[in-house]
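Enquirer: What follows is a single structure, and I will ask about it in a moment.
Every read-out reported here was derived from the displayed coordinates using simple, explicitly stated rules and does not represent laboratory data. Remember, it's a predicted structure, so these values are computed and weren't measured experimentally. Every residue, glycine among them, receives a Cβ derived from its backbone with ideal geometry; neighbour counts consider all protein chains shown.
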Amino acid sequence: MESEAIKRSLEAGGLRCTPQRYAVMAFLTKHASHPTAAEIFEAVNRVDPRSSRATTYNNLRDLVHAGLVREVAVEGRAARFDVKGMRHHHFICDRCGDVEDIEWYDVPRPASASLGKRVLRECELIFRGLCTKCAPKRASR
Ligand SMILES: [Zn+2]
Ligand SMILES: [Zn+2]
């Protein structure tokens, strides 16, 4: 995403483009590795030491609420974040907690009877198992 595109997406999300918000979006755009809030703070702080941890975390929360950033909950570990652009599902490794993108395909909606009065916004899948690094290597003999 170019800097203009980041500014436009912040505006579209109803957020003012502050240097700190911009830095969070720029970092997430460049790093598709699903960083944690702490990793994002470290990176943003390295570029601009004036941005505090609280500001970074608040900006991250604003970006999630505005629908620009997705929070991927990993139980027992810190949540991970990525930019909502291309829709995708996620794969979370049981062993190392790595979060990887899985190519998008449509997920069937639940029957309206089981939804009741709930309003469905989106539906995405989380696959769990062992990532390539953690999967047992097949014996090559
Ligand atoms: Zn793993
Ligand atoms: Zn992702």
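Enquirer: Would you please give the residues with an amide H less than 5 Å from that of Leu130, counting only those at least 5 places away or on a separate chain, with H modeled from the backbone geometry?
Expert: Those lying under 5 Å, H to H, from Leu130 are Asp94.
Enquirer: Evaluate the charge dipole of the chain about its Cα centre and quote only its size in Debye, nearest 20, assuming +1 on the Cβ of each Lys and Arg and -1 on the Cβ of each Asp and Glu.
Expert: 280
Enquirer: Could you tell me the calculated FRET efficiency between Lys7 and Leu130, based on Cβ-Cβ distance and R0 = 35 angstrom, to the nearest 0.05?
Expert: The value I calculate is 0.30.
Enquirer: Then there is this: For the stretch 22-141, with the dipole built from +1 on Lys and Arg beta-carbon atoms and -1 on Asp and Glu ones, taken about the Cα centre, which of Gly85, Leu63, Ile126 lies farthest toward the positive end?
Expert: Most positive-ward Cα: Ile126.
Enquirer: Starting from the amide H of Asp98, placed 1.01 Å from N in the peptide plane, find each other amide H under 5 Å away whose residue is 5 or more places distant or on another chain.
Expert: Here the answer is Cys93, since their amide H atoms fall under 5 Å of that of Asp98.
Enquirer: Pop a pseudo-label 7 angstrom from the Cα along the beta-carbon direction at both Glu42 and Asp106 and give the gap in nm to one decimal.
Expert: Those two pseudo-labels are separated by 4.2 nm.
Enquirer: Let me ask another. Would you please give the FRET efficiency between Ala54 and Lys30, computed as 1/(1 + (r/R0)^6) with r the Cβ-Cβ distance and R0 = 35 Å, to the nearest 0.05?
Expert: Efficiency computed from Cβ-Cβ geometry: 0.90.
Enquirer: Gain in length, His89 to Ala73, computed as 0.36 nm per residue apart minus the alpha-carbon separation, to one decimal in nm?
Expert: Full-extension gain reported as 4.5 nm.
Enquirer: Going through the stretch 85-123, which GluC sites (Glu not before Pro) have at most 15 other Cβ atoms within 10 Å and a DSSP loop state?
Expert: Sites meeting the loop and neighbour criteria: Glu122.
Enquirer: Something else: Given the options Cys131, Cys93, Cys123, state which has the largest fluctuation in a GNM of the chain using a 10 Å cut-off (strictly under) for Cα springs.
Expert: Maximum among the listed residues: Cys123.
Enquirer: With θ set to phi - 60° and the Karplus curve 6.51 cos²θ - 1.76 cosθ + 1.60, what are the ³J(HN,Hα) couplings of the stretch 79-92 in order, to the nearest whole Hz, using x for Gly and Pro?
Expert: Once rounded to whole Hz, the list reads 5, 10, 10, 8, 6, 7, x, 5, 5, 7, 9, 10, 10, 10.
Enquirer: Another question, if that's okay. How much mean residue ellipticity at 222 nm does the chain get from its helices, if each DSSP H run of length 4 or more adds -39500 (n - 2.57) and you divide by all residues, to the nearest 500 deg cm²/dmol?
Expert: The helix contribution divided over the chain gives -10500 deg cm²/dmol.
Enquirer: Based on the Kirkwood radius over alpha-carbon pairs, what value in µm²/s does the Stokes-Einstein equation return for the translational diffusion coefficient of the chain at 25 °C and 0.890 mPa s?
Expert: Translational D for this selection: 145 µm²/s.
Enquirer: Now a separate question. How high is the FRET efficiency from Leu120 to Val64, r the C-beta distance, R0 25 Å, rounded to 0.05?
Expert: Between Leu120 and Val64 the formula returns 0.85.
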